[in-house]
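**Student:** Can you read through this structure? Questions will come right after.
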Amino acid sequence: MTVNESSGGIFKSLIASRITYVLAIIIALLAFLYFTRGLSIILTILIQVTIFSIITMSLNLESGYSGIPQFGRVAAVIAGAFAVGAIPGRIMAAFMGLPAGAEYASDTVNFRLVPEINTLLANSWLMSLGFLAMCLVIAALSGALIGWLISRPAIRLKEGYLGISMLAIGDFLMWVGHNWSIIVGGSVPVNVPDPFRMFGTNRFTVIVVVFFVIAVLIFVYLNKLTQSPFGRNLRMLRDNDLSAVAAGLDIVKVRTQCLVIGAAIAAIGGGLYVIYTGSVAAIGLTRLTFTFWPWAYMMLGGIGSNIGVFLGVILLTILRTMIIIFRSTWFGFLMAVGIDPLWLEFTLLGAVIIIVILFLPHGLVPEKIAPMLPSKRIKKVLADRQVVSG
Amino acid sequence: MAPWLSSGLVYASGLALTAGSITLLYIVTRTFNFAVASMATIGFYVAYSGVTLYGGLPYLYYPLVLIIGAITGVVCYYGLNRPLLYRKAAETTLMMSTLGYDLILLSVIQMYADFLTHSYKLFPRRVTMSLFDFELFGERAAAFILPIIAIAFLTILHIFLTKTKFGIAMRATIENPTLAGASGINSDRVYLVSWIISGGMAALGGSFIAMAMTGTPVMGMFIIPLMFAGAILGGLGNIYGGILGGMVIGLTEFAGVFILAQNFGPWVLGYRMGIPLFIMAATLLVFPRGLSGIPLAKIIRNLFRRKRGARA
């Protein structure tokens, strides 16, 4: 996972050129889609890209920087999605004097409640903004809580055991949501009040802008975090946990903090996803979509680099969308024998994972090990010390 | 037999085989095999296609199931696992690589199901395999035949591992790969054979599980946490532990759901996956190395010692 630094300039220019190639391909594909299918498909792709960038960046913090095999990413996403589906709507309903207890999630009540909340939200931008902020805060808090709860029994387990336990917990949470109808309606999806209702036909454009701002903020935060001493601890833990212990690091504490932060961010992603789709269907929050696809994005982009994650997400999302759009025109030979080309999405996912592992182990943008402080500042600190001691 | 016991036994023997397959592969190659999910589903579809296209009982097609499962294992070994093993890849990388293979197999299964629907006018997306079974002593025959097949398979495996020269070489590689290599054992062939055996076991286990629950193209994907739970419960250190773990997981799931549903009502059925996971978590808390980590010999010795002390 570490990059050989001795190859210096050539290596750097190679990476830079690789980024430009990938960007060129992405722009070409987007332009192709824009001219054949129009703007709406671009907006859909961009919304998915922002949501999955957030989820994949959180996965990158846990698996890429700290080496925890996070195969239960979906658990935190579910926590965020359920929290946004269950709590903010109830708060609004209680505020408006509507039924807000267990009956809120019942399908005979919910479909009348949510439009009423929506009309209130559509009339006041302040209310909408407050509602969105409330959703984000609630999602992050519940994600942090579930991250902490999962970390308690699991944190002391070894690599594989830890990954499998988290995978099982994620699946179990999905079944709980599917069967316990008080949370998000069980098998009947519960509707989520829409804070973007006031924009009418421009809803998707506004969603793209808002989600993109949130994703950039998280990106900046994660970059700061991974360059801080805490980020250094995480990498040390990943590369050699024995020496980390010898250096006096509390492994359990650092890992728990990492899991809690990552889960909170992933839960924000889950919350944004249900705000975008407008409903929470527990059975749709599968580990395939919210654990394995983010893993593929991260591995293609480059484990341990957030720029790479963004490139990986956007490239694979475009390819996925293209399979869905062009399934009848490009894969007619499969349709002729009754095969739905939609299954090629799984083939693509599996093939990307295998090709990346075999031929591109560092991904499109390998992790860059940079000094924690710029050299000027290090020199200045040293000079100051000499002045003091001299 | 109690109503839960007959399907519980079938299901548990299927889980035992798949959990054993995961354990075998883990101790030989350090690979957590996600592809067991799709290998199991493939086993089910081989038996299903045989029964619906050529007639007969599902048991007739089990040799074919074994062979096709072994072929999927060999493809995975040569295409994917071998280069990574020689590169000394990390455990997580090995795990992810089998996940990629699993997803490709899953897409092949889905396409095959579409193909069966279109060309043979079958309904392969919701299959009750037990309809093709016959009755024996007032029960479904699977409840007797499948545990016997599982036990026979495991006995052959045990004889292979303890009595044949190659089996002993395999155990040597499991115990100490470096020393085994120094004494002239071809580790490449050991890895290959372990992939063949575990592929066959996984496919056979899948065709067993389909006799106890509805067979769908995503059947393996839904129950893979339980297969892993069985393997982890067994301690991942020893094949017999894995088999025992799968058996315990399968039986407790059926018994637990039956008893809880009688006492608390049918809403428990939705949470049936929680029971085996809870058992796994509880066992890991008490015995961090799983069932095979329980120091039975030591406990028995301590018991005897105390008795002797009391007499003196």
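The values are calculated or read from the model by the stated rules, or taken from the named source; none is laboratory data. None of the values given here were measured: they were computed from a predicted structure. Glycine also receives a Cβ, built like all others from the backbone with ideal geometry; neighbour counts cover every protein chain displayed. The accessibility values were calculated without ligands, DNA or RNA, using every heavy atom of the protein model including side chains. Shrake-Rupley method; radii C 1.70, N 1.55, O 1.52, S 1.80 Å.
**Student:** Using alpha-carbon pairs under 8 Å, 6+ residues apart, how would you state the relative contact order of chain A in percent?
**Tutor:** 30
**Student:** Could you work out the local net charge near A:Asp250, counting Lys and Arg as +1, Asp and Glu as -1, over the other residues with Cβ closer than 14 Å to its Cβ?
**Tutor:** +2
**Student:** Roughly speaking, what is the centre-to-centre gap between the range A:314-390 and the range B:257-274 when only Cα atoms are used, to the nearest Å?
**Tutor:** Cα centroid of the range A:314-390 versus Cα centroid of the range B:257-274: 43 Å apart.
**Student:** Another question, if that's okay. Which aspartates and glutamates have a Cα less than 13 Å from the Cα of A:Lys158, not counting those fewer than 8 places away in the same chain?
**Tutor:** Qualifying aspartates and glutamates at Cα under 13 Å: A:Asp241, B:Glu91.
**Student:** If I take R0 = 25 Å and measure r between the Cβ atoms of B:Ile151 and B:Ala255 in this structure, what FRET efficiency does the formula 1/(1 + (r/R0)^6) give, to the nearest 0.05? Don't skip to the end; give the middle numbers.
**Tutor:** Working: r = 20 Å, r/R0 = 0.80.
Once the sixth-power term is evaluated, E becomes 0.80.
**Student:** Could you derive backbone 3J(HN,Hα) for the range A:159-167 from the dihedral phi with the Karplus parameters 6.51, -1.76 and 1.60 (θ = phi - 60°), listing whole Hz in sequence and x where the residue is Gly or Pro?
**Tutor:** The phi angles translate into 2, x, 4, 4, x, 5, 4, 5, 4 Hz.
**Student:** Using only Cα atoms and rounding to the nearest 10 degrees, what angle (0 to 90) does helix A:39-59 make with the longest principal axis of chain A?
**Tutor:** Orientation of helix A:39-59: about 50 degrees from the principal axis.
**Student:** State, as an integer percentage, the relative contact order of the range B:3-311 based on alpha-carbon contacts under 8 Å between residues 6 or more apart.
**Tutor:** 36
**Student:** Over chain A, how many percent of alpha carbon pairs lie in each 10 Å bin up to the one with the longest distance?
**Tutor:** Each 10 Å bin holds this share of Cα pairs: 5, 21, 29, 25, 14, 5, 1, 0, 0.
**Student:** Roughly how tilted is helix A:375-389, in degrees to the nearest 10 and between 0 and 90, from the longest Cα axis of chain A?
**Tutor:** Roughly 60 degrees between the two axes.
**Student:** Would you work out the charge dipole size for chain A about its Cα centre, treating the Cβ of every Lys and Arg as +1 and the Cβ of every Asp and Glu as -1, and quote it to the nearest 20 debye?
**Tutor:** Taking the Cα centre of chain A as origin, the dipole is about 1060 debye.
**Student:** Let me ask something else about it. In whole angstrom, how far apart do the alpha carbon centroids of the range B:154-202 and the range A:204-234 sit?
**Tutor:** 49
**Student:** Take peptide B:109-116, look around each residue's Cβ out to 10 angstrom, count Cβ atoms belonging to other protein chains, and average those counts.
**Tutor:** 5
**Student:** Short version: which residues of the range A:125-165 lose at least 30 Å² of accessible area, all chains versus chain alone, 1.4 Å probe?
**Tutor:** When all protein chains are present, A:Glu159, A:Gly160, A:Tyr161, A:Ile164 each give up 30 Å² or more of accessible surface.
**Student:** Suppose R0 equals 22 Å; then what is the FRET efficiency for B:Arg301 and B:Glu175 from their Cβ-Cβ distance, rounded to the nearest 0.05?
**Tutor:** It comes out at approximately 0.40.
**Student:** A further question on this structure: Could you check the spin-label model distance between B:Lys88 and A:Ile307? Points 7 Å from the Cα along Cα→Cβ, value in nm.
**Tutor:** 3.1
**Student:** Please identify the helices of chain B, taking whole runs of DSSP H, that span at least 24 Å along their own axis as judged from the Cα atoms and have a mean Kyte-Doolittle score of -1.0 or higher. Kindly include the intermediate steps, with their values, before the conclusion.
**Tutor:** On the way: long enough: B:3-29 (40 Å, 1.26); B:36-54 (26 Å, 1.23); B:91-120 (42 Å, 0.65); B:142-163 (30 Å, 2.17); B:187-209 (32 Å, 0.99); B:239-264 (36 Å, 1.42).
The qualifying helices are B:3-29, B:36-54, B:91-120, B:142-163, B:187-209, B:239-264.
**Student:** With a/c under 1.5 counting as rounded, go ahead and sort the range B:3-311 into rounded, prolate or oblate using the C-alpha gyration tensor (a ≥ b ≥ c being the square roots of the eigenvalues; past the cut-off, prolate if a/b is larger than b/c, else oblate).
**Tutor:** Working: a/c = 1.71, a/b = 1.13, b/c = 1.51.
Judged from the Cα gyration tensor, the range B:3-311 comes out oblate (a/c at least 1.5, b/c at or above a/b).
**Student:** Same structure, new question: Need one number: buried accessible surface between chains A and B, 1.4 Å probe, both sides summed, DNA, RNA and ligands left out, in Å² to 100.
**Tutor:** About 3600 Å² of accessible surface is lost on pairing.
**Student:** So what is the accessible area of the protein assembly as shown per residue, in Å², with the probe set to 1.4 Å?
**Tutor:** Heavy-atom accessible area per residue stands at 44 Å².
**Student:** Another one. Binned at 20 Å from 0, what are the whole-percent values of the Cα-Cα distance distribution for the protein assembly as shown, short to long?
**Tutor:** 16, 48, 31, 5, 0
**Student:** Do any residues of the range B:256-295 lose at least 50 Å² of accessible area when the full set of protein chains is present rather than just their chain alone, and if so which, with a 1.4 Å probe?
**Tutor:** Residues passing the criterion (a loss of at least 50 Å², heavy atoms only) are B:Tyr271, B:Met273.
**Student:** Between A:Asp241 and A:Phe331, what length in nm is gained on full extension when 0.36 nm per residue of separation is reduced by their alpha carbon distance?
**Tutor:** 27.5 nm
**Student:** Going Cα to Cα from A:Lys368, which aspartates and glutamates come in below 15 Å? Please leave out same-chain ones fewer than 8 positions away.
**Tutor:** A:Glu5, A:Asp239
**Student:** Here is a further query. Extension gain A:Gln227-A:Leu157, at 0.36 nm per residue separation less the Cα-Cα distance, in nm?
**Tutor:** Between A:Gln227 and A:Leu157, full extension yields 22.5 nm more.
**Student:** Could you state the angle between the C-alpha long axis of helix A:203-227 and the longest principal axis of the C-alpha atoms of chain A, as a value from 0 to 90 degrees rounded to the nearest 10?
**Tutor:** Helix A:203-227 sits roughly 30 degrees off the main axis of chain A.
**Student:** Extending each Cα 7 Å along its Cβ direction at B:His118 and B:Leu60, get the distance between those two points in nm, one decimal.
**Tutor:** Label-label distance for B:His118 and B:Leu60, simple model: 2.9 nm.
**Student:** Moving on. Between B:Leu5 and B:Thr164, what is the spin-label point distance in nm, taking each point 7 Å from the Cα along the Cα→C-beta axis?
**Tutor:** Roughly 3.6 nm, to one decimal.
**Student:** Can you sort B:Glu135, A:Glu345, A:Glu116 by 1.4 Å-probe accessible area, starting with the largest?
**Tutor:** B:Glu135, A:Glu116, A:Glu345
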